[in-house]
1. Using Cα centres only, tell me the gap between the stretch 51-66 and the stretch 244-312 in whole Å.
2. Quick one: dipole size for the stretch 231-332, taken about the Cα centre, charges +1 on Lys/Arg Cβ and -1 on Asp/Glu Cβ, in debye to the nearest 20.
3. Mind putting a number on the dipole of the chain about its Cα centre? Charges go on the C-beta only, +1 for Lys and Arg and -1 for Asp and Glu, and I need it in Debye to the nearest 20.
4. Going toward the positive end of the dipole of the stretch 1-127, with +1 on Lys and Arg Cβ and -1 on Asp and Glu Cβ, which of Leu32, Ala113, Phe100 do you reach last?
5. Determine, for the chain, the count of lysine pairs separated by eight or more sequence positions (or lying on different chains) whose alpha-carbon distance falls under 24 Å.
6. For the chain, with a Gaussian network of springs between Cα atoms less than 10 Å apart, report the residue from Val49, Val292, Val169 with the top mean-square fluctuation.
7. Whole number in Å², please: accessible area per residue of the stretch 223-372, 1.4 Å probe, ligands, DNA and RNA not counted.
8. Carbon and sulfur: what percent of the chain's accessible surface (1.4 Å probe)?
Amino acid sequence: MADISLPAALLPADGRFGCGPSKVRDEQLTFLASLQPSVLGTSHRQAPVKDLVGSVRAGLAELFRAPEGYEILLANGGATTFWDSAAHSLVERRSQHLAFGEFGAKFGKATGAAPFLEAPDIRSADAGSRSQAEAVAGVDVYAYPHNETSTGVMAPVVRVAGDAGALTVVDATSAAGGIDFDANEADVYYFSPQKNFASDGGLWFALVSPAAIERIERVTSSGRYIPESLNLAGAIENSRKNQTLNTPALATIAMMDEQLRWINGQGGLAWASARTAESSQVLYDWAERTPVATPFVANPEHRSQVVVTIDFDDSVDAAAISAALRANGIVDTEPYRKLGRNQLRIATFTAIDPEDVRTLTGAIDYVLERLV
Ligand SMILES: Cc1ncc(COP(=O)(O)O)c(C=O)c1O
């Protein structure tokens, strides 16, 4: 492949379009540096760090317009660890999972492997589409992703009209902070911070309802063996004290805090959601009018506003586009590694400037003209 050098006018101000870790804003690093030496390198059991954790919890409650009685929890381990925690201390007997991509399916695997639970009810759909939750007697947790990062499909946050007491548990890892929703429709809205919150990985956060808290307390007092580091009752107890069971990544918390201040200051979730909708629409419109490209997600209502997936004709090698972009500093447009499609996947998270997305479409056009 010949080297393709993009003209300066086609270089976005920031070339990071990955789905996580994703673009970190300079202001987050400035804030992080301002915590030297008062917070960084100091004890996570003392006021400076606890106040920072408290600020993140308050910022999230404000962002999500937390209903009465809802709380913000956090713990080490990321969303992947949350699945194991939920299998141990949230699901009482049986869960239902919407599996329309890698991440929804993984939570189902975690509950499927737990010997103290009944086999989960897994509702699968092909990549690029989505499945539907359905009330089933005996199911006490309905779980699905708000946004399936592996395919670029989003689903509305709505309760399943199941048994009274069944919980709606939403994986918001790539949606939280970028897609508006009504918190009353979920009992647990959990996520990792390396997507719309533009922070690093390693922790999970969750908005939880009073019903979810009651469930966690009931399951943990049932006598079931629960490893201490996975016990959500411990996460409740520690989060209320603005701390974690064991040492957290302070820089992750600090960068998250600054991103929350920025989003809340700009107009909160409604503002963030409008911004990601604008950015993603630029890409979907581009794909619709470009003969060799098509949005991977056929149904426009299912198309994600934070993770855009675009398929290419066989006449074009999408990997060559990604490689040419990468050589010009525009990175992480490759598709999800296990999807195996001739595709670009582009994040339009809140930190990403819609203007940079417009410039990116020009850059892809330029590369296409020279590849085909
Ligand atoms: C929707 C979704 N859920 C869960 C995860 C896992 O997050 P982590 O790697 O922080 O455990 C990811 C990671 O990309 C994700 O996109």
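The values are calculated or read from the model by the stated rules, or taken from the named source; none is laboratory data. What you see is a predicted model; the values in this text were computed from it and never measured. Don't worry about glycine lacking a Cβ; one is built from the backbone with ideal geometry, like all the others, and counts go over all protein chains shown. Calculation scope for accessible area: heavy atoms of the full protein, side chains included, ligands and nucleic acids excluded. Shrake-Rupley method; radii C 1.70, N 1.55, O 1.52, S 1.80 Å.
1. 20 Å
2. 560 debye
3. Dipole of the chain, to the nearest 20 debye: 720 debye.
4. Ala113
5. 9
6. In the Gaussian network model the winner is Val292.
7. Accessible area per residue, the stretch 223-372: 41 Å².
8. Taking all protein chains in place, the chain shows 50 percent carbon and sulfur surface.
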